[in-house]
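J.: Supplied in structure tokens, the structure appears directly below.
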Amino acid sequence: MPKQIHLAAHFPGVNNTTVWSDPNAGSQIDIASFVHLARTAERGRFDFFFLAEGLRLRERKGLIHDLDVVGRPESLTVLAALAGATERLGLAATVNSTFNEPYELARRLATLDHLSDGRAAWNVVTSWDAFTGENFRRGGYLDEADRYARARETLQTARELWDSWTDDAIVADRESGEFVRPGQGEFRHRGEQFDISGLFSTPRGPQGHPVIIQAGDSEEGREFAASDADVIFSRHSRLEEARTFYKDVKSRLAKYGRAEDDLKILPAVTFVLGATEEEAAERAAAIRTAQVSPQTALAFLESVWGRDLSDHDPDGPLPAADPDPDEKLAKGWARFNTDRAALARQWRKVAEEKNLTTRELVIEVTSRQTFVGTPAAVAAQLDEFVQTGGSDGFILAPHLTPGGLDDFVDEVVPLLQERGVFRTEYTGPTLRDHLGLAAPRFPRKDA
Amino acid sequence: MTTVHRDHVHLAVALDGAGWHPAAWREASARPAELFSARYWSDLVAEAERGLLDLVTFEDLLGQQSSRLEGPDGRTDQVRGRLDAVLLAARLATVTSHIGLVPATSVTHTEPFHVGAGIASLDHATNGRAGWRPQITAWPHLAAHFGRRTLPDLDVHHLQAPGTRETVAELFAEAADAVEVVRRLWDSWEDGAEIRDAATGRFIDRDKLHYIDFQGAHFSVRGPSITPRSPQGQPLVTALAHDRVPYEFAARSADVVYTTPHSRADAAAIIAEVEEAAVTVGRTGEPLRVFADLLVFVGADAAARKERLDELDGAPLASDALIVAGTAAELADLIEDWRGAGVDGFRLRPGGLPHDLAGITGDLVPELQRRGIFRTAYAEATLRERFGLARPASRYAAAS
């Protein structure tokens with residue numbers, strides 16, 4: 001039997017991948033949009049629905065960035081609402097481990113797991129900066145170097161809290177009068193980050209622990225995922241680099257006593273479909289153009305150059321001046337936490353080689369379209385990607401809210417099913433069932 | 001906004017576990033093995049909506065229930081364990097269409113930024129039916145669950161004792177700051193901030209987004225919220241209060257206050273004190289709506305049921321609220337009587353669930369309808385409208 005593909009649906013995010021100027025673009029905040037996309041994913045028998053998180057609106061030049069979709073709900077709250085609008089679909093929340101405390105995080109995730117009958121997942125992210133911290137009691141108190149230490153200990157502590165109740169804790173025997181077994185919820189955690197003790201409020205959820213997702217790509221992030229995560233949200237969507245990443249991460253599992261199947265690697269990808277290859281290519285070009293308006297092209301340019309370029313002509317060549325390496329104009333973008341001088345040299349090289357205007361260049365270097373073609377061609381590419389060791393499946397990021405997944409579910413999913421590489425029905429009730437993950441081992445109380 | 005019948009009483013039900021009697025889970029009608037399942041709560045809130053109730057509240061605590069206020073009791077014969085109230089309310093958003101959903105949250109150990117976004121998201125998910133009950137978490141053993149601060153021991157039996165009084169007052173001052181932050185965050189996106197202007201490439205008009213720049217003794221928050229302004233603008237804020245300090249907190253921060261009078265005269269005295277508190281804090285605009293909390297057993301056999309549960313629990317039921325065991329007609333009499341003292345509404349805490357909820361929706365509500373003091377259909381689109389509260393403009397709108 002060929003390897004089975006796992007699929008997740010990413011609700012369109014607050015970056016320029018999401019096209020808001022399309023006449024079919026709907027609300028990014030109305031609950032109906034979330035229900036539509038989630039039900040579409042469930043109709044397509046997807047593994048899970050994925051929500052990103054933002055804790056501070058992004059800024060450029062000291063002003064709130066106004067060119068992309070802005071604004072979203074709190075992820076766990078909207079996923080709890082979606083638990084009532086879906087039956088089998090996994091529900092994955094991105095929740096930061098720096099600006100939350102383990103007790104509250106663990107109880108909210110356990111609650112989602114109960115209320116969805118075992119469909120909860122937690123994407124652990126580690127934003128730490130002072131910019132984000134300005135919205136929180138603690139402020140930006142964490143050194144970048146400590147963010148994984150805190151993330152690891154947050155997750156470890158959450159697992160201790162989930163394990164502080166046994167699976168058979170609730171007795172509810174009217175005759176004997178025993179509601180709960182003794183000692184439920186007792187915990188004590190003493191570590192570098194947390195020194196806490198007491199009684200945990202919430203019984204263990206149906207999955208024991210929610211599915212843990214990790215997106216870090218650094219050496220530390222990869223080790224964290226290999227030791228602790230069930231799913232990696234990967235950014236490696238080109239087949240060659242994806243294979244390298246896949247091999248690298250899977251090879252790290254053995255030293256933690258884990259099998260290759262215990263960690264699913266799912267790159268975030270985009271797709272564009274058409275009745276013919278030509279039509280798909282035309283649609284893809286139109287989407288790329290809509291994703292990078294003239295204003296967005298300049299915004300990207302300014303973010304890399306570190307200079308005000310509002311008078312620059314987006315339809316002309318790149319600016320002659322070199323980037324200002326010290327000036328940081330963009331706050332809240334992970335992609336600009338990098339060597340901008342090197343990035344600018346690379347951009348200049350591409351622009352010169354291909355003779356591109358500024359806007360064309362930005363489209364060229366920022367475009368994230370992964371799979372473009374007829375449904376049959378895309379299905380074949382997805383299958384090849386997985387069968388040849390690129391990934392265990394995909395997190396699909398549609399460019400339109402809320403209908404961006406409709407054609408994929410209608411036209412590509414049946415072809416994957418025909419190929420025998422994607423489920424035609426859910427086989428179990430929980431997200432762990434969908435992903436083929438074992439329940440977390442319950443720690444022996446006497447251990 | 002004039003759709004509210006001034007002669008109608010507001011009716012809320014406080015949902016918690018198997019009901020408010022600690023032995024209620026042992027009644028034959030109880031569903032004690034399902035207390036953590038969505039189906040149980042969906043059934044309860046559907047019943048409440050069938051009864052046309054204004055709203056349901058969900059209790060919460062950052063710890064386990066206990067028969068002792070000051071710490072765990074080690075008992076295994078009562079319900080222990082709860083779900084997060086905001087997420088529970090959100091789970092019910094898509095399976096209800098009219099009833100208000102009002103979760104409690106702590107504001108002592110939580111982040112106002114997260115709480116504000118959570119309640120705003122609940123308001124989006126319910127299309128304008130969200131409320132909120134901020135509460136303090138004063139106990140040192142619960143502070144140890146977070147480990148970020150220590151709180152002094154409280155004298156639970158003497159809240160006026162030196163030390164205890166100051167601690168509680170300080171926590172309520174911090175709670176008022178938390179509500180202020182949340183309310184500013186809810187206003188931090190003006191209506192119409194989303195413009196989708198293709199000509200200029202702008203999705204939002206950023207002049208309509210505002211930093212809230214709150215600086216307080218306990219935290220500072222920059223803003224704006226990550227969540228756009230919600231359908232109600234300002235979801236309904238409610239507070240439970242038993243004393244002057246929390247009355248002032250409610251008068252400063254809330255739209256509705258739940259109180260615990262034990263008689264009509266007591267209700268009148270509390271209302272007078274709430275009005276004084278409003279003057280003290282300089283409240284302007286809409287007056288606080290005053291609710292009376294009652295712990296109720298409804299039906300012809302109510303007193304016998306309560307007595308049997310007391311026996312099972314090994315002690316007579318104790319509560320901050322008046323305990324009423326009687327028929328729907330007797331309860332309706334009390335409601336009519338206290339309304340004469342100025343009580344706007346009642347939050348009924350069912351002794352047993354689902355039994356006493358069914359008594360409320362099946363017997364009490366029809367009785368109140370016969371007397372012409374309760375709605376016969378839902379009329380309003382949002383929870384604020386149900387209380388005659390207009391949708392306020394953002395506080396930042398005038399400045400821009």
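J.: Mean residue ellipticity at 222 nm from the helices of chain B, using -39,500 (n - 2.57) per DSSP H segment of n ≥ 4 over the full residue count, to the nearest 500 deg cm²/dmol?
T.: Values: 12 runs with 129 residues, N = 400.
About -9500 deg cm²/dmol.
J.: Something else about it: Count the net charge of all other residues whose Cβ sits under 12 Å from the Cβ of B:Glu49, scoring Lys and Arg as +1 and Asp and Glu as -1.
T.: So the surrounding residues net to -1.
J.: Residues with amide H under 5 Å of B:Asp255's amide H, sequence separation 5 or more or different chain, H placed in the peptide plane at 1.01 Å from N; which?
T.: Residues meeting the amide H criterion: B:Val237, B:Thr238.
J.: From the residues B:Thr227, B:Leu357, B:Val107, which one has its Cα farthest along the dipole of chain B in the positive direction, the dipole being from +1 and -1 charges on Cβ of Lys/Arg and Asp/Glu about the Cα centre?
T.: It is B:Thr227.
J.: Projected onto the charge dipole of region A:1-149 (+1 at Lys/Arg Cβ, -1 at Asp/Glu Cβ, origin at the Cα centre), which of A:Phe99, A:Gln28, A:Ala130 gives the Cα projection farthest towards the positive end?
T.: About the Cα centre, the residue reaching furthest to the positive side is A:Gln28.
J.: To the nearest 0.05, what FRET efficiency results for B:His262 and B:Tyr211 with a Förster distance of 41 Å applied to their C-beta separation?
T.: Once rounded, the FRET efficiency stands at 0.30.
J.: Sum -39500 (n - 2.57) across every DSSP H segment of at least 4 residues in chain A, then divide by the residue count to get the 222 nm mean residue ellipticity, nearest 500.
T.: On the way: 14 runs with 154 residues, N = 447.
Rounded to the nearest 500, the figure is -10500 deg cm²/dmol.
J.: Oh, and also: Please tell me which of these pairs span more than 24 angstrom C-alpha to C-alpha: A:Lys61/A:Lys354; A:Lys247/A:Lys331; A:Lys331/B:Lys208; A:Lys247/A:Lys354; A:Lys264/A:Lys331?
T.: Exceeds cut-off: A:Lys61/A:Lys354; A:Lys247/A:Lys331; A:Lys247/A:Lys354; A:Lys264/A:Lys331.
J.: Would you please classify the overall shape of region A:14-118 from the alpha carbon gyration tensor, given that a ≥ b ≥ c denote the square roots of the eigenvalues, rounded means a/c under 1.5, and beyond that prolate means a/b larger than b/c while oblate covers the rest?
T.: It comes out oblate by the Cα gyration axes.
J.: In addition: Top mean-square fluctuation among A:Phe245, A:Phe136, A:Phe11, Gaussian network model of chain A, C-alpha springs under 10 Å?
T.: Maximum among the listed residues: A:Phe136.
J.: Rounded, prolate or oblate: which fits region A:232-359, taking a ≥ b ≥ c as square roots of the Cα gyration tensor eigenvalues, rounded meaning a/c under 1.5, else prolate when a/b beats b/c?
T.: oblate
J.: Given springs between every Cα pair under 10 Å in a Gaussian network model of chain A, which of A:Glu327, A:Glu418, A:Glu175 has the largest fluctuation?
T.: A:Glu175
J.: Given +1 on the Cβ of Lys and Arg, -1 on the Cβ of Asp and Glu, and no further charges, what dipole in debye does chain A carry about its Cα centre, rounded to the nearest 20?
T.: Details: 53 positive and 71 negative charges, 154 e Å.
I would put it at about 740 debye.
J.: Go through region B:373-384 residue by residue and turn each phi into a ³J(HN,Hα) via Karplus (6.51, -1.76, 1.60, θ = phi - 60°); whole Hz please, and just put x for glycine and proline.
T.: Those phi angles translate into 10, 9, 4, 10, 7, 6, 10, 8, 7, 10, 5, 4 Hz.
J.: Something else now. Using Cα-Cα distances under 8 Å and only pairs 6 or more residues apart, what relative contact order does chain B have, in percent? Don't jump to the answer; show the numbers that get you there.
T.: Values: 753 pairs, mean separation 90.7, N = 400.
Relative contact order, chain B: 23 percent.
J.: Let me ask another. Could you work out how far apart the two model spin labels at B:Asp155 and A:Glu282 are, taking each label as a point 7 Å from the Cα in the direction of the beta carbon, and quote it in nm?
T.: So the label points at B:Asp155 and A:Glu282 sit 8.4 nm apart.
J.: Give me the net charge of A:Arg204's neighbourhood, meaning all other residues with Cβ under 9 Å from the Cβ of A:Arg204; Lys, Arg count +1, Asp, Glu -1.
T.: So the environment of A:Arg204 carries a net charge of -3.
J.: Here is a further query. For chain A, what does the relative contact order come out to in percent, with C-alpha contacts under 8 Å and a separation of six or more?
T.: So the answer I get is 23 percent.
J.: Which of B:Leu154, B:Leu368, B:Leu236 ends up with the largest GNM mean-square fluctuation for chain B, with Cα atoms connected below 10 Å?
T.: B:Leu154
J.: Moving on to the next point. Place a point 7 Å from the Cα of A:Thr388 along the Cα-to-Cβ direction; which residues of region A:231-245 have their backbone N under 16 Å from it?
T.: Only A:237-245 pass the distance filter.
J.: How many Cβ atoms of partner chains, on average, are near each residue of A:376-389 if near means within 10 Å of its Cβ?
T.: 0
J.: Output ³J(HN,Hα) for region B:241-258: one whole-Hz value per residue in order, computed from phi by the Karplus curve 6.51 cos²θ - 1.76 cosθ + 1.60 with θ = phi - 60°, and x for Gly and Pro.
T.: So the J values, rounded to whole Hz, are 9, 10, 8, 4, 4, x, 4, 5, 4, 4, 5, 7, 10, 10, 9, 9, 10, 8.
J.: Could you pull out every residue, at least 5 positions away or on a different chain, whose amide H is within less than 5 Å of the one on A:Gly183? Hs are placed 1.01 Å off N in the peptide plane, and Pro or chain starts have none.
T.: Those lying under 5 Å, H to H, from A:Gly183: there are none.
J.: Sticking with this one: Got a sec? How would B:Asp191, A:Asp311, B:Asp16, A:Asp113 order by Cβ neighbour count within 10 Å, fewest to most?
T.: Fewest to most other Cβ atoms nearby, the residues stand as A:Asp311, B:Asp191, B:Asp16, A:Asp113.
J.: What is the mean number of Cβ atoms from other protein chains located within 10 Å of the Cβ atom of each residue in peptide B:144-157, rounded to a whole number?
T.: Partner Cβ neighbours, averaged per residue: 3.
J.: Suppose R0 equals 51 Å; then what is the FRET efficiency for A:Asp129 and A:Arg174 from their Cβ-Cβ distance, rounded to the nearest 0.05?
T.: Rounded to the nearest 0.05, the efficiency is 0.40.
J.: At A:Tyr426 and A:Arg190, where each label point lies 7 Å from the Cα along Cα→Cβ, what is the point-to-point distance in nanometres?
T.: Each label point is offset 7 Å from its Cα along the Cβ direction, giving 4.4 nm.
J.: When you look at the Cβ of every residue in B:123-136, what mean number of other chain Cβ atoms sits within 10 Å?
T.: The mean count of partner-chain Cβ atoms within 10 Å per residue comes to 2.
J.: Rounded to the nearest 20 debye, what is the charge dipole size of the protein assembly as shown about its Cα centre when +1 sits on each Lys and Arg Cβ and -1 on each Asp and Glu Cβ?
T.: That gives a dipole near 580 debye.
J.: Placing +1 at every Lys and Arg Cβ and -1 at every Asp and Glu Cβ, with all other atoms neutral, what dipole size does region A:293-366 have around its Cα centre, in debye to the nearest 20?
T.: 300
J.: Which Cα, out of A:Pro267, A:Gln184, A:Ala297, lies furthest along the positive dipole direction of the protein assembly as shown (beta carbon charges, K/R +1, D/E -1)?
T.: A:Pro267
J.: Using Cα pairs closer than 8 Å and at least 6 residues apart in sequence, work out the relative contact order for region B:1-93, in percent.
T.: Here the relative contact order equals 33 percent.
J.: Check A:His6: other-chain or 5+ apart residues with amide H under 5 Å from its amide H, H built from backbone geometry?
T.: Excluding prolines and chain starts, which carry no amide H, the hits are A:Gly393, A:Phe394.
J.: I would also like to ask the following. Spelling out what I want: for every residue of region A:286-302, take phi, set θ = phi - 60°, compute 6.51 cos²θ - 1.76 cosθ + 1.60 (Karplus), and round to whole Hz; glycine and proline get x.
T.: 5, 5, 4, 5, 5, 6, 10, 5, x, 5, 5, 4, 5, 5, 4, 4, 4
J.: May I ask you to sort A:Arg441, B:Arg31 by Cβ crowding, counting other Cβ atoms within 10 Å and putting the fewest first?
T.: In increasing order of surrounding Cβ atoms, one gets A:Arg441, B:Arg31.
J.: Which peptide among B:122-135, A:400-413 comes first, and what is the full order, when sorted by highest mean count of other Cβ atoms within 10 Å?
T.: B:122-135, A:400-413
J.: Sticking with this structure for a sec: Provide A:Asp163, A:Asp324 in ascending order of the number of other Cβ atoms located within 10 Å of each residue's Cβ, fewest first.
T.: By the 10 Å Cβ count, ascending: A:Asp324, A:Asp163.
Laboratory data are not the source of any read-out in this text; all were calculated from the coordinates shown. Values in this document were obtained by computation on a predicted structure and should not be read as measured data. Cβ: placed from backbone, ideal geometry, glycine included. Neighbour counts: every protein chain shown.
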